[in-house]
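Report on the following structure.
The values are calculated or read from the model by the stated rules, or taken from the named source; none is laboratory data. Given the structure is predicted, the values throughout are model-derived calculations rather than measurements. Methodologically, a virtual Cβ is constructed for each residue, glycine included, from the backbone with ideal geometry; neighbour enumeration extends over all protein chains shown.
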Amino acid sequence: MNWSLIFLLSIIGALMAFLTVSIIPSTIEPLFWLAIFVFNAFVITGRVPKGKYFLHAWMVSVISGLWIGLIHAGFHDTYLANHPDEVKMSADMPWGMSASSMAMMGPIFGAIFGLVSGCVSMLVGKFRKPNVQQAI
């Protein structure tokens, strides 16, 4: 596992967490994530041995989810003020949108979206010649 690469790519998730607190609305946030997944896929497929793309992309998403959960929890009141639709949706959930639930749900959502990111990386890997040789 290339942990330094995983950590560095997860910093993009931390940046997105800060931007989604009050700047990027949830209506266009998925477009940013798609672009991030594609960017990550190109970086991963260029620096990771073939066969390890999915796992690296998934780990990036899990750690990004951790960053996102902690940052959104840290800016809890500002996040809620700028995301009324999410507040309404969470009203029916037993855990609501407390700071602690945001911190706990971040890695869970990261793992779920990591499945998408991993698939994007595998897809890019099918069309891109790797720069890294497979370890024997």
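Within the range 46-57, none of the residues are free of Cβ contacts under 8 Å to residues at least 40 places away in the same chain, part of a helix (DSSP H, G or I) and more than 13 Å from VAL120 (Cα to Cα).
A Cβ distance below 9 Å, combined with a sequence gap of six or more or placement on separate chains, defines the contacts here; from the range 6-19, residues that are surrounded by fewer than 14 Cβ atoms within 10 Å (Cβ to Cβ) reach residues that are among the hydroxyl-bearing types (Ser, Thr, Tyr) in the pairs ILE11/SER64. Screening the range 82-119 for residues that are surrounded by 12 or more Cβ atoms within 10 Å (Cβ to Cβ), over 10 Å from TRP58 (Cα atoms) and of a type in the set (A, V, I, L, M) and picking the one that is modelled with the lowest pLDDT gives MET97. Tell me which of these TYR79 doesn't satisfy, since it passes every other one: (1) touching a Leu at 6+ places or on another chain (Cβ under 9 Å); (2) in a helix (DSSP H, G or I); (3) modelled with pLDDT under 90. The single condition TYR79 does not satisfy is (1). Of the residues making up the range 3-44, those that are among the polar types (S, T, N, Q), more than 18 Å from ILE112 (Cβ to Cβ) and at pLDDT below 95 are SER22, THR27.
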